[in-house]
Ligand code: PHE
């Protein structure tokens, strides 16, 4: 008859010494596995006499139960220790400052465009668009440019190569082609594709977009943005144009202090024509409006030339209108104090972070956007 006490002592010591789950499992197999020590004892019960079995049975079963319980306890302890170790290793110190995260910003030109659209929308204008790649008719001829006008020359206009059929496309030099496209649609037979809602005269549209000219200095870049404006109705006059633009400027610059001036000018597609300047100070590197002795030209405008109306199938005796073309980037320079237009398109991340707008910031009260 085996003395069970040394076996139990030995087992208990092995269980306590098992440093991880694998070692513990090895001890379990050595005692309780198919060929384990305790399993062998249990099997030996079968060969005992009834008296021996009555005596040994409870002892061996007791040993098996205690060993099983010890192993379970040890396993729980090892599991808890492993979890503790993992928690300690993966601890996150929430008081540490977070690493800086780079966030994109809304480009000032896009912000300004949104603000402008919102202000004109409040005045009842809807938005029209036209293609960046234009043809000669919409960019020049339909706008009353004489055949030898200097703006057609290579030094001003980016032309594409001539096609086989002789047509030479170009990058639009202004947003005024949108005027022609909208007025032609206005007069198109019913069922023709429309640009925007309500294009039958009266027309009241703005047309924002990219424009291109071969030019580069502090206030000129080869690609820039304009917003065309066109109003066609009966009995429209120059006073409407001036009121619209002055009202726009006060809303846009969020001050009544803005000083504007209209200078007589010439455009082939308006008569009379004018340019509008905004008074500003550019002496200190930054740019400030409402003070100083500098003037920055921000738009051209005038009364739509009767030839344009006729070209687009509108009777000048019935319909009159005004048109204007605003420099979007120029307005942004003035409002947000950006001294050099070339920076606006240089894609310098530091500049964009400085002048950019958060997409999630509270809406600009002047913009009416929400
Ligand atoms: N298209 C002109 C320009 O780019 C501006 C303009 C628009 C003038 C509409 C008159 C009417 O300079």
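What follows is calculated from the coordinates using simple rules that are stated; it is not laboratory data. As the structure is a prediction and not an experimental result, all values here were calculated from the model. Ideal geometry is used to build each Cβ from the backbone, glycine not excepted, and the neighbour counts take in all protein chains shown.
Some points to look at:
- Using 0.36 nm per residue and subtracting the Cα-Cα separation, the extra length available between residue 93 and residue 210 on full extension is 37.2 nm.
- Against the chain, whose longest principal axis is taken from its Cα atoms, helix 177-186 shows a tilt of about 80°.
- In this structure, residue 80 and residue 3 have a Cβ-Cβ separation that, at R0 = 30 Å, corresponds to a calculated FRET efficiency of about 0.30.
- Helix axis angle, 108-122 relative to the chain longest principal axis, alpha carbon, degrees: 60 degrees
- Helical mean residue ellipticity (222 nm; -39500 (n - 2.57) per DSSP H run of 4+; nearest 500) of the chain: -12000 deg cm²/dmol
- FRET efficiency, residue 281 to residue 233 (Cβ-Cβ, R0 41 Å, nearest 0.05): 0.60
- On Cα atoms only, tilt of 238-253 relative to the major axis of the chain in degrees: 30 degrees
- A protection proxy built from the mean count of other Cβ atoms within 10 Å ranks the segments 157-169, 37-49, most packed first, as 37-49, 157-169.
- Ranked by how many other beta carbons lie within 10 Å on average, peptides 314-325, 59-70 from highest: 314-325, 59-70
- Cα shape, the chain, gyration tensor, a/c 1.5 rule: prolate
- With the highest mean first, a sort of the peptides 173-185, 226-238 on other beta-carbon atoms found within 10 angstrom per residue produces 173-185, 226-238.
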